[in-house]
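Visitor: One structure follows; several queries about it will come next.
The values are calculated or read from the model by the stated rules, or taken from the named source; none is laboratory data. The shown structure was predicted, so the numbers you read here are calculated from the model rather than taken from an experiment. Don't worry about glycine lacking a Cβ; one is built from the backbone with ideal geometry, like all the others, and counts go over all protein chains shown. Just so you know, the surface numbers come from the protein's heavy atoms only, side chains and all, with ligands and any DNA or RNA stripped out. Shrake-Rupley method; radii C 1.70, N 1.55, O 1.52, S 1.80 Å.
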Amino acid sequence: MKTINMLGVKMHASTMSETVSHIREKILAGGFTQHVVVNVAKLVNMKKDLQLAESVEQCDIINIDGMGVVWGGRLLGLDIPERVAGVDLFHNLLNMSQENEFPIFLLGATDEVVQKTADKVQQLYPNLKVAGYHNGYFWDNEEAVVDKISKSGARLLFVAITSPKKENFINKWKDKLGVDFVMGVGGTFDVVAGKVNRAPLWMQKYGLEWFYRVLQEPGRMWKRYLVTNSKFFWLLMKAKFS
């Protein structure tokens, strides 16, 4: 996959189909593949959070999830074919796993949400084996959860925990997880379980998913997006005119 460098961060400028095909080949080849997506907030936070930056840079596949990053990269003259949204990649990988008989493990969210996600995934992909699942509140006993994942027989692990916790957890335990592929999926389980609605397609197309999230959770999200979007714009301008 083609690699680009944007604001000092290595990323893969690939399409959805290229990404899924590449992941399938890596799983079949064995070994371990660590995946991450970057969006505006993560790019900004990596500038001050060195542990997060290291966890992202250690990944084998770094996809671009966020129209802000796509447009920003194009403004800087970078060739980015499309956005590879984490929630869409999640579903594409579930379908690929079903076709190739790869068991999966779901990690993150609350007990209720992760169980509803497992149930929904089984409805959507009836021939897919869900090897196990666990909530995302296990920080007093990480090793036991890692052991559970390792013994499950899963080939793919999806981690629905907030950033930077998920990136740092994956990077810390990657040698003991016992899976071939691991991907952080953020709030995807909330969407799949029906707890949170995803933005309409027209808002996704025009890069307004962040605004839709603010409308749903204004108290928690408005400051986060105001700060990170403003900082991202400033970084872009500095890069453009330097």
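Visitor: Using only Cα atoms, what is the ratio of the radius of gyration of segment 100-196 to 2.2 N^0.38 Å?
Guide: Here the answer is 0.99, to two decimals.
Visitor: For segment 167-242, state the semi-axes of the equivalent ellipsoid (square roots of 5 times the eigenvalues of the alpha-carbon gyration tensor), sorted largest first and rounded to whole angstrom.
Guide: Working from the Cα gyration tensor, I get semi-axes of 27, 22, 13 Å.
Visitor: Scanning the chain for helices, which whole DSSP H stretches are 18 Å or more long along the axis (Cα) and average -1.0 or more by Kyte-Doolittle?
Guide: Qualifying helices: 16-29, 86-100, 111-124, 218-241.
Visitor: Another one. Quote the charge dipole size of the chain about the Cα centre in Debye, to the nearest 20; the model charges only the Cβ of Lys and Arg (+1) and of Asp and Glu (-1).
Guide: The dipole of the chain has a size of about 780 debye.
Visitor: So, one more: For segment 1-118, what is the accessible area per residue in Å², given a 1.4 Å probe and the full set of protein chains?
Guide: On a per-residue basis, 40 Å².
Visitor: Can you compute the FRET efficiency between Thr15 and Tyr206 using 1/(1 + (r/R0)^6), with r the Cβ-Cβ distance and R0 = 22 Å? Round to the nearest 0.05.
Guide: 0.65
Visitor: Okay, moving on. Hey, if we sort Asp119, Asp190 by accessible area with the 1.4 Å probe, largest down, what's the order?
Guide: Order by accessible area, largest first: Asp119, Asp190.
Visitor: Expressed as a rounded percentage, what relative contact order does the chain have, with Cα pairs under 8 Å and six or more residues apart?
Guide: The value is 22 percent.
Visitor: In addition: Given a 1.4 Å probe and heavy atoms of the protein chains only, how would you sort Ser97, Ser230, largest accessible area at the top?
Guide: Ser230, Ser97
Visitor: Counting Lys +1, Arg +1, Asp -1, Glu -1, what net charge surrounds Val146 among other residues with beta carbon under 11 Å of its beta carbon?
Guide: +1
Visitor: Right, something else. Using Cα centres only, tell me the gap between segment 66-94 and segment 101-132 in whole Å.
Guide: Taking the Cα centre of each part, segment 66-94 and segment 101-132 sit 25 Å apart.
Visitor: A further question follows. Which aspartates and glutamates, if any, have their Cα less than 19 Å from the Cα of Lys240, not counting same-chain residues under 8 positions apart?
Guide: Filter leaves Asp79.
Visitor: Rounded to the nearest 500 deg cm²/dmol, what is the calculated helix-only ellipticity per residue at 222 nm for the chain, with -39500 (n - 2.57) per DSSP H run of length n ≥ 4?
Guide: Counting only the DSSP helices, I get -16000 deg cm²/dmol.
Visitor: Among the DSSP beta bridges whose two residues both lie in the chain, what percent are antiparallel, rounded to the nearest 5?
Guide: Restricted to the chain, the bridges split so that about 15 percent are antiparallel.
Visitor: Can you give the convex hull volume per residue for the Cα atoms of segment 35-178, as a whole number of Å³?
Guide: In segment 35-178, the Cα hull volume divided by residue count equals 119 Å³.
Visitor: In the neighborhood of Ala199, defined by Cβ-to-Cβ distances under 14 Å, what is the net charge if each Lys or Arg adds +1 and each Asp or Glu adds -1?
Guide: Net local charge, Ala199 excluded: -1.
Visitor: Which of the residue pairs Lys116/Lys148; Lys120/Lys166; Lys148/Lys172; Lys2/Lys172; Lys42/Lys176; Lys116/Lys151 have a Cα-Cα distance greater than 18 Å in the structure shown?
Guide: Table pairs above 18 Å Cα-Cα are Lys116/Lys148; Lys120/Lys166; Lys2/Lys172; Lys42/Lys176; Lys116/Lys151.
Visitor: Leaving ligands, DNA and RNA out of it, report the carbon-plus-sulfur percent of the accessible area of the chain at a 1.4 Å probe.
Guide: Whole-percent figure for carbon plus sulfur exposure: 52.
Visitor: Could you calculate the contour length gain from Asn141 to Asn229, that is, 0.36 nm times the residue separation minus the distance between their Cα atoms, to one decimal place in nm?
Guide: Gain in length upon complete extension: 28.2 nm.
Visitor: Continuing with this model, one more query. Rounded if a/c is under 1.5, else prolate if a/b beats b/c, else oblate: with a ≥ b ≥ c from the C-alpha gyration tensor eigenvalues square-rooted, which is segment 1-92?
Guide: Judged from the Cα gyration tensor, segment 1-92 comes out oblate (a/c at least 1.5, b/c at or above a/b).
Visitor: Can you give the local net charge around Gly8? Use residues other than it whose beta-carbon is closer than 15 angstrom to its beta-carbon, Lys and Arg +1, Asp and Glu -1.
Guide: After counting each charged neighbour, the total is +4.
Visitor: Could I ask something else about it? For the charge dipole of the chain, defined by +1 on Lys and Arg C-beta atoms and -1 on Asp and Glu C-beta atoms about the Cα centroid, which residue among Ser14, Trp71, Ala160 has the Cα displaced farthest towards the positive pole?
Guide: Of the listed residues, the answer is Trp71.
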